[in-house]
Amino acid sequence: MRKALLGENPAKYNGFGVIRGFRVYLALRNLGCELAATVIRVFAYIGVVAVLAVAVIRFFDVAEVSAAIDPSPRVEWTTIERPYRAFALNTPQFPDTDYAIRRHGAGGRKDILTAAAEDGAGPPRLMIEIYRPGREIDQFGSAASEAAARTAGLGGPYGVSPAEAIASKFGRLNVFEFTARTGGKERNCLAFARAFNDPRLQIAGWYCKGDVEVVDRRTLACAIEGLSLLAAASEPKVQQLFANAEQKREFCAPRTPLRGATMRQHDWIEGPNRPKLRRSVATR
């Protein structure tokens, strides 16, 4: 049967099978070579595209521009150009005062009243600051540190020494002595500070003489007595603080041998003695 299928010459068919197998081998080898060449070409194309992309990015890339002037540091306190006065200083010793308001980005506000020198020239001789903090501080520092910090406007801060406290309508006022050096000369000064927790408010500042003469504590006491509130509609606690203080206000009368530095002002109706008439009244 085998012979019938293969014919009379089986070797002939065995040779044909070998040839056919060799041809399949060659075809597979050629296919492998083609695939390898194709993969190489694909990676080559990808590489060329990547190089072109980098070249385009470098060509259109804009160089980083650096400012010719370094940006100024952030200013935490800013000065209001046209301040609306919320406080006033009603005292004959300081008839004219300058007013400034500084605000902090965290909500704090400082109302600053300054009185010029006696001769109208030179540095100021009185500064009163009403500080209502926002979120910039958690609590006030000690009276000494707060008073010393306010002397920076005189070329300080200076070291301060405790002095006798002053009684005021706001309560006990912590007072400190220090020497300022402005305009090439020394000046004797008094610094003060008084803080409140409810409302959160601090009254601080300083008072200086023109030279090294003794500072009149009574003048400073009268200046504090003359500090009054003009407007604080949005802060009822501040209004109440000043309203209570006004009830304790003392009149700063001129010093006489028979009177102290401060006394309450009386008119003839409130006087302790009956008024004397210029002439007697005729009776019927």
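Observations
- Residue in the stretch 227-249 that is modelled with the lowest pLDDT, counting only those that are part of a loop (DSSP other than H, G, I, E, B) and among the charged types (D, E, K, R): R249
- Restricted to the stretch 158-174, and to residues there that are of a type in the set (S, T, N, Q) and either touching a residue at least 24 places away in the same chain (Cβ under 8 Å) or outside the structural domain of L89 (by TED's automatic domain parsing) (or both), the residue that is surrounded by the most Cβ atoms within 10 Å (Cβ to Cβ) is S168.
Yes or no, residue by residue, for (1) more than 18 Å from A231 (Cβ to Cβ); (2) among the basic types (K, R); (3) at pLDDT below 90:
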{"residue": "Q93", "(1), (2), (3)": "yes, no, yes"}
{"residue": "D96", "(1), (2), (3)": "yes, no, yes"}
{"residue": "I101", "(1), (2), (3)": "no, no, no"}
{"residue": "A106", "(1), (2), (3)": "yes, no, no"}
{"residue": "R109", "(1), (2), (3)": "no, yes, no"}
{"residue": "L113", "(1), (2), (3)": "no, no, no"}
{"residue": "E118", "(1), (2), (3)": "yes, no, yes"}
{"residue": "A121", "(1), (2), (3)": "yes, no, yes"}
{"residue": "Y131", "(1), (2), (3)": "no, no, no"}
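- Residue match in the stretch 175-194 (condition: farther than 24 Å from A147 by Cβ and either modelled with pLDDT under 90 or surrounded by 11 or more Cβ atoms within 10 Å (Cβ to Cβ) (or both)): yes
- Some residue of the stretch 138-157 being buried (at least 16 other Cβ atoms within 10 Å of the Cβ), in contact with a Leu (Cβ under 7 Å, 6 or more places away or on another chain), modelled with pLDDT of 95 or more and not hydrophobic (A, V, I, L, M, F, W, C): no
The values are calculated or read from the model by the stated rules, or taken from the named source; none is laboratory data. If you're wondering where the values come from, they're calculated on a predicted model, not measured in any experiment. Note that each Cβ is placed from the backbone with ideal geometry, even for glycine, and that neighbours are counted across all protein chains shown.
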